[in-house]
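The values are calculated or read from the model by the stated rules, or taken from the named source; none is laboratory data. All values derive from a computational prediction rather than experimental measurement. Every residue, glycine as well, gets a Cβ built from its backbone with ideal geometry; the counts of neighbours run over all protein chains shown. Each accessible area value is taken on the protein alone, full model and side chains, heavy atoms only, with ligands, DNA and RNA left out. Shrake-Rupley method; radii C 1.70, N 1.55, O 1.52, S 1.80 Å.
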Amino acid sequence: MFLKKVLASAAVIATVALSTTSALALTVGFSQIGSESGWRAAETTITLQQAKDRGIDLKFADAQQKQENQIKALRSFIAQGVDAIFVAPVVATGWDSVLKEVKEAGIPVILLDRTIDSSDDLYLTAVTSDFIYEGSVAGKWLVDAVDGKECSVVELQGTTGSAPAIERKEGFEQGLAGSNVSIIRSQTADFTRTKGKEVMESFLKAEGGGKNICALYAHNDDMAVGAIQAIKEAGLKPGSDILVVSIDAVPDIFKAMMAGEANATVELTPNMAGPAFDALDAFLKDGTLPPKWIQSESRLYTKDDDLQAIYDQKKDLGY
Amino acid sequence: MNSLKRYAPQLTTLAIVLLLNYLVFPDFFKIEIANGKLYGTLIDVLNRGAPVALLCVGMTLVIATKGIDLSVGAVMAICGAVAASTVDSGGGVFMALSLALLAGLICGVWNGLLVSVLNIQPIIATLILMVAGRGIAQLITEGAILTFNDEGLIFVGSGSIFSIPMPILIWIAVGIIVTFIVRRTALGMLIESIGINQRASTFSGVNARVLLILVYMVSGLCAALAGTIAAADIRGADANNAGLWLELDAILAVVVGGTSLLGGRFTLIGSLIGAMIIQSINTGILLSGFPPEFNLIIKAAIIVIILVIQSPALQSKYIEYRDRREAEKPPADKENAS
């Protein structure tokens, strides 16, 4: 009796399994780095969401910040015969041999939000944001906002030597070129709120209690959130006495913008999967080769946007 | 007078670092009252130095027993997360504080049991919680920065009593209370005896096992206070970054303060001065306006100089040199007289 039941349920499972595979749904393997930051959690949420909306069967593998786990995941994706592989590579090097195996299996690979040092014929395309562009968007916003007046900016840099810190600084300076806006102090605050607050306190003291500072540019929103508190505690109004522009567009900066304490943020979109799926569809349909680099959107948000709506939409993404 | 002499190397170092700060930033010693609160760079040093100063108090006692507590940074993250999630789910500030302190106490008991009952070397025993602690904190905050608006808890980080910021009051109070307890009773001496020779102390009737658990508990409590202050300061618990690498700053402060890593004699006041030396260096670097690439190099260079000046080898050389000069002096005097 028991055996019969087991057999019957096994048969049901088998038919279900057959019917799903026969529906010709695309199967995509996604090797994610792990949960290193709120942004990455949001990226995972959106990738899963995008796959669901498009009826794609997404196999998700969390690498827990280890490259060997990613390589294992890629090999198991080959064994499972997926149609494509998305990788957010944890490091830039050491991918050649496993990507060759993937290539021999005839599976296209798309890199998400980070690139690698291997030759570019080992992957179909890479979807990443352009940090320099993000910085220049922030810089241009500030130039427009002060409208030709002189403006001294203090800058909170990301972790010294990291790519986003170097390139967001470079981009911002490009955005300021030829204007009356200039950077008077620049210091690292390691992308964190605590350091953002501490470094801003020292900026305020060093620049006559903040009287000489017209704007703050932070390489990420978290540092800006910390700095906003420092500005308030010094008795100044962030958002009006000192303009605040930052990058990332995490939910908390929208709260600050709604309170009038921050002025603008440039989004580092967690939706890297959308453009990746588009490129993959086109490639699988008629073999259209995408460019080797697809730049993700870097949108500017200011008080003119519907901040509450964006906040509501973002707050459940896992930031 | 005698005690002042004992802290002479630390106080001199602090004075020199403060003088350097004054040279790079002339308004360094200017203090005014803004928003009903003392405001100035010197206040920033005392205020920003609070977490390391608190960690130092526990760390000094642990180091005096020949141990080390690497987990304090991670315990800060756990306790900050506990405090934030308590107010987030509707608890008041007292509930948040007590739960955070309880969490710190539990972490301390865990470390203490590993060290004293299981006899695991302290550096390994506390490494476990150092690595796992951030994971625990992540679980509590669910991976995000948990922000809160509870005025009571925020007061702990950025409020003030009699114009003095709360973090300063807390670390000074903890420093005084712990110093009083260990120095006005035999406790301090018993702790030192464990550090010098645990077996001999046990044979002479010191309950080393209980005392060891106790010092790790104190260290956990201090880390809990530091973590709560750090979270209250930014109105959010950041499991990834709260207290990151502060255990190293705390150990450094203890060493700069004149307590040996080999255990035995310890000085809490020296450690607190050490914490202020380190914070003065940090603040000075921020004020100097050097490019951030130089931050760590400058800090390292200053600390190397401090440690070289305090090194026993150099000091014995100096004493040797002084004695030789004194020995040479009398003949020179005689020559003058004749």
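Odds and ends about this structure:
- Residue count for the stretch A:147-167, restricted to those that are touching a residue at least 60 places away in the same chain (Cβ under 8 Å), open to solvent by less than 10 Å² (accessible area, probe 1.4 Å) and not in a loop (DSSP other than H, G, I, E, B): 5
- Of the residues making up the stretch B:44-65, one or more are within 14 Å of chain A (Cβ to nearest Cβ), more than 21 Å from B:Ala137 (Cβ to Cβ) and in contact with a Pro (Cβ under 6 Å, 6 or more places away or on another chain).
- Just one of (1) modelled with pLDDT of 90 or more; (2) of a type in the set (A, V, I, L, M); (3) within 28 Å of B:Val178 (Cβ to Cβ) fails for B:Ile306. It is (1).
- Listed here are the helices (runs of 4 or more DSSP H) enclosed by the stretch B:190-268 that have at least 1 residues being in contact with an Asp or Glu (Cβ under 7 Å, 6 or more places away or on another chain) and of a type outside the set (Asp, Glu): B:208-234.
- Among residues of the stretch A:301-319 that are within 14 Å of chain B (Cβ to nearest Cβ), those with a beta-carbon under 8 Å from a residue that is in a loop (DSSP other than H, G, I, E, B) and modelled with pLDDT of 90 or more at least six positions away or on a different chain give the pairs A:Lys314/A:Ala249; A:Lys314/A:Val250; A:Leu317/A:Pro270; A:Tyr319/A:Val250.
- Count of the stretch A:186-221 residues, restricted to those that are more than 7 Å from every other protein chain (Cβ to nearest Cβ) and closer than 22 Å to A:Val137 by Cα, is 14.
- Scanning the stretch B:1-10 for residues that are part of a helix (DSSP H, G or I) and either more than 12 Å from B:Ile273 (Cα to Cα) or open to solvent by 90 Å² or more (accessible area, probe 1.4 Å) (or both) yields B:Asn2, B:Ser3, B:Leu4, B:Lys5, B:Arg6.
- Top-ranked residue in the stretch B:146-188 [being closer than 29 Å to B:Leu38 by Cα and in a loop (DSSP other than H, G, I, E, B); ranked as most open to solvent (accessible area, probe 1.4 Å)]: B:Phe162
- Residue match in the stretch A:97-116 (condition: over 19 Å from A:Ile294 (Cβ atoms), within 23 Å of the chain's Cα centre (by Cα) and either buried (at least 18 other Cβ atoms within 10 Å of the Cβ) or at pLDDT 95 or above (or both)): no
- Looking only at the stretch B:11-34, and only at residues there that are touching a helix residue (DSSP H, G or I) at 6+ places or on another chain (Cβ under 7 Å) and not in a helix (DSSP H, G or I), the one that is farthest from the other protein chains (Cβ to nearest Cβ): B:Ile31
- Filter result for B:Ile43 (open to solvent by less than 20 Å² (accessible area, probe 1.4 Å), under 30 Å from B:Asn119 (Cβ atoms) and assigned to a helix (DSSP H, G or I)): no
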